[in-house]
């Protein structure tokens with residue numbers, strides 16, 4: 001029987017506070033887990049480029065990015081799911097008719113086909129996005145995810161797509177990912193690579209795209225500021241990301 005364990009963390013509102021900082025208690029908790037031989041990983045909607053600063057700050061080398069569409073083990077890409085190009089073309093045409101932005105994402109890079117509006121510019125600030133005016137990168141290359149700035153109403157009005165789905169990351173926009181993609185699916189692949197049984201996985205998260213992850217692993221822990229529907233999918237609710245939620249959650253389950 002394997003005694004391997006895996007602790008996996010969302011970034012926004014979990015590893016990072018709402019002010020995009022990482023608490024000293026969180027860094028200490030991660031270091032203590034690693035010292036005890038626990039595998040520590042990240043599961044995020046961001047791609048590698050957008051998650052890089054957190055990956056480096058936490059010294060974590062295994063990560064599930066792009067909402068499960070790309071998996072890295074020991075900093076090496078081992079698996080990825082790509083978006084159906086026909087559906088990408090249909091959605092891109094719709095996005096352009098409403099005059100908003102879409103960002104094409106490979107596992108490691110970001111590509112914008114026009115100068116970003118202020119909302120998109122804030123999201124991608126400092127990420128080294130490639131700006132390719134008039135270039136249809138997402139239509140001509142395999143991408144693992146898209147990011148679109150659209151309202152909930154605009155999302156509802158989008159054309160029906162067979163092979164891609166939307167995961168809303170907030171009121172301003174959605175991630176666009178393969179229909180079979182999710183953090184839960186990515187974590188299952190990562191755990192298989194690491195040889196960790198599902199019962200020996202704890203996951204922390206706070207947002208809508210964490211619900212499947214929290215309900216599918218051995219122990220799901222929701223952050224205290226998560227909405228009631230997210231908390232309902234978890235086994236336990238810890239303090240919020242501003243109040244040592246990760247450290248307290250790990251202590252509660254006896255991993256620290």
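Taking the stretch 192-209 only, how many residues are at pLDDT 95 or above and out of contact with any strand residue (DSSP E or B) (no Cβ under 6 Å at 6 or more places or on another chain)?
8
For residue 225, state whether it is buried (at least 17 other Cβ atoms within 10 Å of the Cβ) and assigned by TED's automatic domain parsing to the domain that holds residue 37.
For residue 225, the condition - buried (at least 17 other Cβ atoms within 10 Å of the Cβ) and assigned by TED's automatic domain parsing to the domain that holds residue 37 - is met.
If you scan the stretch 228-256, which residues turn out to be more than 22 Å from residue 31 (Cβ to Cβ) and either in a helix (DSSP H, G or I) or outside the structural domain of residue 187 (by TED's automatic domain parsing) (or both)?
228, 229, 230, 231
Taking only the stretch 137-179 into account, find how many residues are in contact (Cβ under 8 Å) with a residue 40 or more places away in the chain and not in a loop (DSSP other than H, G, I, E, B).
Final tally of qualifying residues: 16.
Looking at the stretch 36-50, which of its residues are modelled with pLDDT of 95 or more and at negative phi?
Keep residues of the stretch 36-50 that are modelled with pLDDT of 95 or more, which gives 36-44.
Within the stretch 36-50, 36, 38, 39, 40, 41, 42, 43, 44 qualify.
The values are calculated or read from the model by the stated rules, or taken from the named source; none is laboratory data. Just so it is clear, the structure is predicted and the values come from calculations on it, not from any experiment. Methodologically, a virtual Cβ is constructed for each residue, glycine included, from the backbone with ideal geometry; neighbour enumeration extends over all protein chains shown.
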